[in-house]
Structure formats: structure tokens, C-alpha cells
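Written below as C-alpha cells is the structure these notes are about.
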Amino acid sequence: MFAVRAASSIILEPQCERIIKVFMPVSIAKAALFQPKKTFQEEKLVVMPHALLSIENYTSYITIANPTDKRCLIPYNTRLGVVSIQTAELRCYGINPETSMNRDNTSDVMPRQLNDPEPQYMHQLNVGSCFSISTATIPQHLKDVFKQMVEHIEDQEEKHEVTTMLHKYYKIFDITKLNISNLKAPPMINTGDNPPISSRAYRTDQHRGQLISRTVNKMVQAGQVKRSYSSWSSPVLLVKKKDDTFRFVIDYRRLNEITAKDCYPLPDI
């Protein structure tokens with residue numbers, strides 16, 4: 001297989017379909033099978049079909065569609081997929097879309113050689129309906145969660161934009177499981193010459209105690225926390241939310257009293 005790359009920088013307008021020039025390390029081929037890169041389509045939210053390419057002088061053309069409401073920039077030399085050279089025995093079949101899906105009726109399925117004229121039956125791509133293809137890899141339970149998250153938005157255009165963002169970055173907005181950030185910098189808390197502070201755990205009722213234990217065990221299994229024998233410790237608090245559930249927080253008030261404040265400008269929030 002050979003990599004297929006964009007021959008120039010491309011700007012895809014919203015709800016737009018274009019035929020673009022690509023290049024690959026193959027000088028000439030009458031029938032090269034193009035397979036789009038799945039991760040690229042998921043990242044850029046674009047749609048590219050599998051296709052048979054005619055390659056001349058290391059270049060060819062493919063179709064790409066932007067079904068979203070945002071512009072999409074594809075830089076020069078971006079890898080779009082791969083091509084493989086097919087044998088002469090490969091056959092293509094054209095199917096009449098107007099024929100009912102009767103498996104016993106094969107009269108409308110006719111083979112044609114690769115060098116035959118264009119297929120007789122064609123249909124126009126509805127770019128606006130292609131968004132579901134780019135979200136096919138999102139688990140169904142996440143789609144249901146995202147749907148609930150945007151139910152309160154009355155403006156349909158705004159709801160669509162938020163939904164698009166949630167689908168594009170679904171791994172970040174996945175609230176169904178605990179996630180860990182990939183920060184490399186170690187946390188630094190400047191406490192000066194103060195001795196370690198060790199605060200005892202707060203008293204709580206049996207129900208909240210069990211909830212704290214379950215939450216801690218869940219974070220240990222997810223790798224968010226680990227057992228520690230440090231001389232520093234701060235107690236856990238359960239803060240009741242409006243929906244009668246509890247938020248798991250750490251009481252760092254005593255630690256904050258001896259921590260030197262960071263003097264960094266904050267951006268507008």
C-alpha cells in the first residue's frame with residue numbers, strides 16, 4: 001500500500017463537496033484502490049469514499065465532503081489514505097438503486113470491466129446527511145448522554161454546534177468514566193519552611209462513609225489516585241448538589257493557608 005497525500009492546501013467550505021488533487025509514490029496505474037484514513041475523517045469531520053483511481057505522473061483526484069457548519073483546513077502533504085494496485089481480474093458491479101432489495105432478482109446487477117465507461121446509475125450525494133457517518137465510531141451510550149446534555153438548548157443552530165463539538169471531542173467529554181490527563185509537568189506547591197499538615201478525617205454517617213469508600217475505590221481502579229504514606233493529608237468532603245447527589249471534594253483550606261500564592265496573570269474567563 002502507498003500513502004495518498006494532499007497536493008496543496010485545501011479549504012473546504014461548510015456543507016461543501018470538492019474534487020481535490022492528490023499525489024502518491026506510484027507513477028502510473030489504471031485501477032488503484034483508494035482507502036480513506038479513518039482517523040483523519042474522525043478528526044476533521046470530513047467524508048471520503050472508497051474509490052478506484054486512475055494515476056498518471058504520480059497524481060490523481062479524489063472526492064472529499066465537509067458536512068459540518070464550519071470551515072475545514074487541510075494542509076499540504078496531509079495523509080488522506082492509502083492506495084493499493086489491483087489485478088486485472090478485478091471486476092466492478094453496478095447496482096440499479098431503483099430496483100427493490102429482492103435478493104432473488106439479479107437481473108439488474110451487471111458486471112463491468114475497470115476500463116468500461118462510467119456506470120449507468122448514479123445518485124447525487126446529500127452532503128447535509130453525511131454527518132452521521134463521521135460519528136459512527138462514537139459509542140451509543142455516549143450519543144445518548146450528549147443528547148441529554150443539549151436538551152436544554154432551545155436555539156437549534158446552537159444545539160447543532162454544541163453537538164458537533166461534543167461528537168468531535170467525545171473522548172474528552174466522556175463523563176461516563178474517569179479519565180486521566182497526560183500532563184508531564186509535576187505539580188509544585190510552595191509551602192515554604194512550614195512543617196507538613198496532617199488533618200484527620202471528618203466524622204460522617206454510614207451512608208456517606210460508604211459513598212466515600214466506593215468513590216475512592218473507583219478512582220484507585222481508574223489509576224487516578226494511589227495509596228500514600230505521606231506526612232501530608234487533607235480530609236474528604238461530600239458536598240450535596242441541586243440534584244441531591246454528592247460532589248466528592250478535598251478540604252485543602254489548611255494547606256492553602258501556608259501556600260505561597262502564584263503571581264501569574266489569568267486569562268479572561
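Data overview
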{"read-out": "Principal semi-axes in Å for the range 194-269 [√(5λ), Cα gyration tensor, largest first]", "value": "25, 19, 14"}
{"read-out": "Whole-Å semi-axes of the range 141-269's equivalent ellipsoid (Cα gyration tensor)", "value": "34, 22, 16"}
{"read-out": "Whole-angstrom gap from the range 66-81 to the range 240-269, using each part's C-alpha centre", "value": "40"}
{"read-out": "Residues VAL47, VAL239, VAL220, sorted so that the one with the fewest Cβ neighbours within 10 Å comes first", "value": "VAL239, VAL220, VAL47"}
{"read-out": "Ranked CYS263, CYS16, CYS72, criterion: other C-beta atoms within 10 Å, fewest first", "value": "CYS263, CYS16, CYS72"}
{"read-out": "The range 184-198 versus the range 136-161: alpha-carbon centroid distance in Å", "value": "41"}
{"read-out": "Sites VAL145 and TYR229 - FRET efficiency at Förster radius 51 Å, r taken between beta-carbons, to 0.05", "value": "0.85"}
{"read-out": "Lys, Arg +1 and Asp, Glu -1 on Cβ, resulting dipole of the range 194-269 about Cα centre, debye, nearest 20", "value": "340"}
{"read-out": "Residues ILE85 and LYS242, FRET efficiency given R0 of 41 Å [Cβ-Cβ distance, rounded to 0.05]", "value": "0.10"}
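Each reported figure results from applying straightforward, stated rules to the coordinates on display, with no laboratory input. Remember, it's a predicted structure, so these values are computed and weren't measured experimentally. Neighbour counts run over all protein chains shown; Cβ positions are idealised from the backbone, glycine included.
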